[in-house]
Amino acid sequence: MSKERKIIFEKHPVTSERKAELREQGYTIIDAVYAPQDYIHPDAVVAKKAPSQAKPKAEPKAEAVTEPKPEGEAGA
């Protein structure tokens, strides 16, 4: 009986940690240059389904608050 393995096309070189992770999930790893044109990477599908947890690119700047000078004082 042969055990059917899933195939994943991953950009090479693949780190040993990533390779171990993919093999643990049951994948056979093939260089991404051999991927069919209509191939969708499983991580891309998961990323699209998951809500974005990224921080906003820039936080809004707080407006400077200046206190009015009393009428009798001159400016510096």
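Values in this text are rule-based calculations from the coordinates and carry no lab data. All figures in this text were calculated on a predicted structure; none of them were measured in a lab. As a convention, Cβ positions derive from the backbone with ideal geometry for all residues, glycine included, and neighbour counts pool all protein chains shown.
How are the C-alpha pair distances of the stretch 6-49 spread across 5 Å bins, as whole percents from the shortest bin up?
Calculated P(r), rounded to whole percents: 5, 21, 31, 27, 13, 2.
Based on the mean of other Cβ atoms within 10 Å per residue, sort peptides 34-45, 4-15 so the most packed one is first.
4-15, 34-45
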